[in-house]
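The values are calculated or read from the model by the stated rules, or taken from the named source; none is laboratory data. None of these values were measured; they are calculated from a predicted model. Reconstructed Cβ throughout: ideal geometry from the backbone, glycine too, with neighbour counts over all protein chains shown.
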Amino acid sequence: MVKTFSITDIGKKRKLNQDFVYTSEQPVGNLPNLFIVADGMGGHNAGDYASKVSVETMVEDIRNNPGTDHPRILEQAIRTANSLIRKKARESAELEGMGTTVVAATCEGNSLCVANVGDSRLYVANHREIRQITRDHSWVAEMVRRGGLGREEARNHPDKNIITRAVGADDSVRPDFFTVRLEEGDLILMCTDGLTNMLEDGEIRMILAGARDIVEKAQELVTAANERGGRDNISVILIDPLA
């Protein structure tokens with residue numbers, strides 16, 4: 001039985017929480033379970049609108065999708081959300097330019113299916129290591145991959161918040177997909193950059209290894225990010241897939 005815990009926190013600097021999380025340990029349509037993290041962007045209320053509406057649209061689309069192929073189900077849901085966000089942005093000047101990151105996952109047995117757009121992340125951690133499964137769709141991440149920037153430079157770069165793909169950014173959206181084989185002791189972490197901009201991967205692994213259960217682990221991650229400055233909203237989903 002999959003065990004999960006999720007938490008979202010406004011952080012120390014923002015007036016609005018533009019993150020949105022969704023978890024269901026029970027089946028959603030033909031998916032055995034569903035977990036989504038979204039980090040919205042846009043002025044006024046547009047960012048929180050984009051993340052909330054995108055996630056709600058995805059859940060509804062998945063619920064009604066008769067297909068059985070998990071990546072295709074997630075892809076169609078992301079495309080449906082993208083179309084709706086684009087439509088709403090055209091209809092209202094206040095919502096113009098809004099968008100959101102999305103990382104979505106479903107797991108069945110020891111197999112994990114992941115889709116992502118933007119720079120919210122999914123990790124798999126255990127007592128030995130922490131592995132980032134998703135690839136950030138951001139300008140600095142692209143530069144690191146091409147060898148134009150070092151990892152440390154990228155971490156403190158003034159343009160690190162420029163993302164290269166988002167739900168709502170263009171008329172078409174291109175998610176990345178990953179399939180992961182899970183092992184006993186693996187823990188899945190999904191999060192927004194409000195966590196990863198504050199804490200190094202190694203620090204995240206230490207917190208995950210040290211706290212007693214997934215509730216305490218998630219709460220300690222948020223506390224640590226806030227203690228480092230909490231410059232953004234912080235959202236975390238922890239999944240114990242083989243509990």
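Tell me which residues, restricted to region 64-110, are free of Cβ contacts under 8 Å to residues at least 40 places away in the same chain and either within 16 Å of the chain's Cα centre (by Cα) or in a strand (DSSP E or B) (or both).
A77
Scan (1) surrounded by fewer than 24 Cβ atoms within 10 Å (Cβ to Cβ); (2) not in a loop (DSSP other than H, G, I, E, B) for the single condition R128 breaks and write down its number.
Of everything listed in (1) surrounded by fewer than 24 Cβ atoms within 10 Å (Cβ to Cβ); (2) not in a loop (DSSP other than H, G, I, E, B), R128 misses just condition (2).
Sort out which residues of region 14-50 are in contact with an Asp or Glu (Cβ under 7 Å, 6 or more places away or on another chain), over 20 Å from Q219 (Cβ atoms) and modelled with pLDDT under 95, and write them in order of number.
The answer is L16, H44, A46.
So which of D159, D171 is more than 19 Å from the chain's Cα centre (by Cα), within 25 Å of R79 (Cα to Cα) and either at pLDDT 95 or above or not in a strand (DSSP E or B) (or both)?
Numbers: D159 fails: within 25 Å of R79 (Cα to Cα).
Within the list D159, D171, the selection yields D171.
Is it fair to say R121 is buried (at least 17 other Cβ atoms within 10 Å of the Cβ) and either of a type in the set (D, E, K, R) or closer than 25 Å to G29 by Cα (or both)?
So R121 passes the test.
I'm trying to understand the selection: among the residues of region 208-234, which are outside any loop (DSSP other than H, G, I, E, B), crowded, with 21+ Cβ neighbours inside 10 Å and in contact with a helix residue (DSSP H, G or I) (Cβ under 7 Å, 6 or more places away or on another chain)? Please lay out each step first, then the result.
Of the residues in region 208-234, the ones outside any loop (DSSP other than H, G, I, E, B) are 208-210, 214-227, 234.
Okay, now just the ones that are also crowded, with 21+ Cβ neighbours inside 10 Å, so 208, 214, 217-218, 221-222, 225, 234.
Selection gives L208, K217, L221, A225, I234.
Considering region 1-19 alone, what residues qualify as being assigned to a strand (DSSP E or B) and either among the basic types (K, R) or more than 15 Å from L189 (Cα to Cα) (or both)?
The initial filter retains those residues of region 1-19 that are assigned to a strand (DSSP E or B), namely 3-9, 19.
Within region 1-19, K3, D9, D19 meet the criteria.
Going by what's in this entry, would V114 be described as more than 21 Å from N233 (Cβ to Cβ), surrounded by 20 or more Cβ atoms within 10 Å (Cβ to Cβ) and not hydroxyl-bearing (S, T, Y)?
On the way: more than 21 Å from N233 (Cβ to Cβ): yes; surrounded by 20 or more Cβ atoms within 10 Å (Cβ to Cβ): yes; not hydroxyl-bearing (S, T, Y): yes.
It is true that V114 is more than 21 Å from N233 (Cβ to Cβ), surrounded by 20 or more Cβ atoms within 10 Å (Cβ to Cβ) and not hydroxyl-bearing (S, T, Y).
If we keep just the residues of region 43-63 that are in a helix (DSSP H, G or I) and touching a residue at least 40 places away in the same chain (Cβ under 8 Å), which is surrounded by the most Cβ atoms within 10 Å (Cβ to Cβ)? Break it down into steps so the answer makes sense when it comes.
Of the residues in region 43-63, the ones in a helix (DSSP H, G or I) are 46-63.
With the extra rule that they be touching a residue at least 40 places away in the same chain (Cβ under 8 Å), the set shrinks to 46-47, 49-51, 54-55, 58.
Details: A46: 24, G47: 26, Y49: 22, A50: 31, S51: 34, S54: 30, V55: 24, M58: 29.
Across region 43-63, the extreme among qualifying residues is S51.
Kindly establish whether D193 is charged (D, E, K, R), within 20 Å of T100 (Cα to Cα) and either modelled with pLDDT of 95 or more or surrounded by 12 or more Cβ atoms within 10 Å (Cβ to Cβ) (or both). Please lay out each step first, then the result.
On the way: charged (D, E, K, R): yes; within 20 Å of T100 (Cα to Cα): yes; either modelled with pLDDT of 95 or more or surrounded by 12 or more Cβ atoms within 10 Å (Cβ to Cβ) (or both): yes.
So D193 passes the test.
Condition test on D9, is it among the acidic types (D, E) and either closer than 28 Å to T223 by Cα or in contact with a strand residue (DSSP E or B) (Cβ under 8 Å, 6 or more places away or on another chain) (or both)?
On the way: among the acidic types (D, E): yes; either closer than 28 Å to T223 by Cα or in contact with a strand residue (DSSP E or B) (Cβ under 8 Å, 6 or more places away or on another chain) (or both): yes.
In short, yes.
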